[in-house]
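The values are calculated or read from the model by the stated rules, or taken from the named source; none is laboratory data. Every value quoted in this text rests on a predicted model; they were computed, and no experiment measured them. With ideal geometry, Cβ positions are generated from the backbone for all residues, glycine too; neighbour counts draw on all protein chains shown. What goes into the accessible areas is simple: the full protein's heavy atoms, side chains included, and nothing from ligands, DNA or RNA. Shrake-Rupley method; radii C 1.70, N 1.55, O 1.52, S 1.80 Å.
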Amino acid sequence: MKNEAARPAGALAPLPRKLRLFYGVGEFGQQFSVMSLSMFLLFFYTDVLKIDPKAAGVLLLIAKFWDAVNDPLMGAIIERSNGKHGKCRTFLLRWSVPAGVFFWLMFNAPDLSPTMKLVYAYVTYFGQDLCYTATGLAYTTLMARITSDPIQRVALNQSRAFISMFTAIFVSSMTMGLVESVGNGDYVVGFRVVMAVYAVLLTLGYIGVFLLTRGYDKQDVPTEEEKAEAASKAEKPHMPLGTMIKLLLQNNLWRWFVVTTLLYYGTSSITQGLLIYYVRDYIGNSDLVGLASLASMISGFFAIVLLKFFAQKMGKVRASIMGLGIAFTCMLVRVVSQDQIIPLYLACLLVAGFGLSLFASLVIPNIMDSIDYGEWKTGVRSDALVMSANSFGTKIGQGLGTASIAFMLDAMGYDETLAVQTESCVSGIHWLATLLPLIMYGVLIVLMLVIYRYEKKMPAIRAELAARREKAQ
């Protein structure tokens, strides 16, 4: 095996600059999928595939109930795997191509009967969802296996955040223009071609991480200590899945993070998914969609640049609370002004984008604290299973958020055939896009204050874990 000395011995050894800078290439895969689903899937279902909004909402809701089982199950499978490329990298290699294929199929609009179109939507959505779980969870968990140092994890996530922001801005602000241009006004052709390109980039992103991290997934090029640990584990039978789940549920910090990520990504899904409808029907200027998307994300670059600074100076949780506080204040201004002043609306999106990007970029480093907390409390360390909190919260939140949009649009009388929606429908879109996020940001601040109590205990917990490991040697 080549490069057997590539990974430094010791979990806290400084990571190479190349790894810190380019680990985030996997975000091409994550964000092309996440942003496309959040912003365009419901629109694609209702206005391109011509599925009834209520039927689309039911689809997304059923899918998210499956995720309640799928995510912890996939986490347990990864945790118990012993692939020759390591637990996480093996999954990236095996699932990257299927992930791209199902993503592309999901945004196709075949010429079928209404019933068969709905069946097609179910099959392609569930296929994409399974692939996203395998690749996304493996990619996220890999960070915890590369290093156990909280600040180095922030540095790795900084790379993710940069590429995530770049990709998110591109997807949100350019996709509809590309679809209209490539398809010459035909959304069926436009989505088919543009999403094919996105699917290729999605696959290449995950393969890039697989190649870049060779020697850094712990099983890839094991140190002598890890060889001894692996030999010891090989002599023991696998822990039953039910026992693993039971121990996971005893992890109080993990449970708080599940709720937090679910609420955050659900709220984010609502604001992103409504943007096209909001700007077109409430603001009354569909040409503003790209600019509004850009304004909501571009300031996130500054948050990412300052990410490590805030994490070191304030702590990860307090920095997260500050980001939510900024977003809450901006949304309050929007609720009061009702977005009647377009420059003020765009300014609020710009400033709130800084705060939300700061919070979002710290979600994964924060959740990783619950890995150490769970090991301290139960005596069992489960990297992938614990990190399923992020995948679970992301997908359940996004699914419930998008489904709620579909149900609310149907309840408000949204009609895709109308050039101008009814006044009650437009008003409903406005309050759903502003008042609901305001309330959710307030709830998230309260939840993060609870989590802050745990963060203050983490230095002592890590010291005790180190002492236990030393004693066990």
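General observations
- Residue within the range 393-411 that is of a type in the set (D, E, K, R) and closer than 21 Å to Leu263 by Cα present: yes
- Elements of type helices (runs of 4 or more DSSP H) in the range 378-473, at least 2 residues being of a type in the set (Phe, Trp, Tyr), within 28 Å of Ile62 (Cβ to Cβ) and without any contact (Cβ under 8 Å) to a residue 40 or more places away in the chain: none
- Tabulated pairs, the range 297-320, first closer than 26 Å to Pro459 by Cβ and in contact (Cβ under 8 Å) with a residue 24 or more places away in the chain, second outside any helix (DSSP H, G or I) and open to solvent by less than 80 Å² (accessible area, probe 1.4 Å), C-beta under 7 angstrom, 6+ apart or interchain: Ala311/Leu362; Lys316/Leu362; Ala319/Leu362; Ser320/Leu362
- Output for the range 99-119, where each listed residue is in contact (Cβ under 8 Å) with a residue 12 or more places away in the chain and either in contact with a strand residue (DSSP E or B) (Cβ under 6 Å, 6 or more places away or on another chain) or part of a helix (DSSP H, G or I) (or both): Ala99, Gly100, Val101, Phe102, Phe103, Trp104, Leu105, Met106, Pro114, Lys117, Leu118
- Tallying residues that are open to solvent by 60 Å² or more (accessible area, probe 1.4 Å) and at pLDDT below 85 within the range 83-110 yields 1.
- Unique residue being open to solvent by less than 60 Å² (accessible area, probe 1.4 Å) and either under 27 Å from Arg453 (Cβ atoms) or in contact with a His (Cβ under 6 Å, 6 or more places away or on another chain) (or both) when the list is Ile245, Ile283, Ile276, Ile270: Ile245
- Given (1) surrounded by fewer than 15 Cβ atoms within 10 Å (Cβ to Cβ); (2) under 24 Å from Asn285 (Cβ atoms), number of the condition Leu449 does not satisfy: (2)
- Test result for Arg80, closer than 22 Å to Gly215 by Cβ and either at pLDDT 85 or above or not polar (S, T, N, Q) (or both): no
- Filter result for the condition that a residue is at pLDDT below 80 and open to solvent by 10 Å² or more (accessible area, probe 1.4 Å), over Phe392, Phe354: Phe392
- Within the range 286-305, the set of residues being modelled with pLDDT of 85 or more and open to solvent by 70 Å² or more (accessible area, probe 1.4 Å) comprises Leu291, Phe302.
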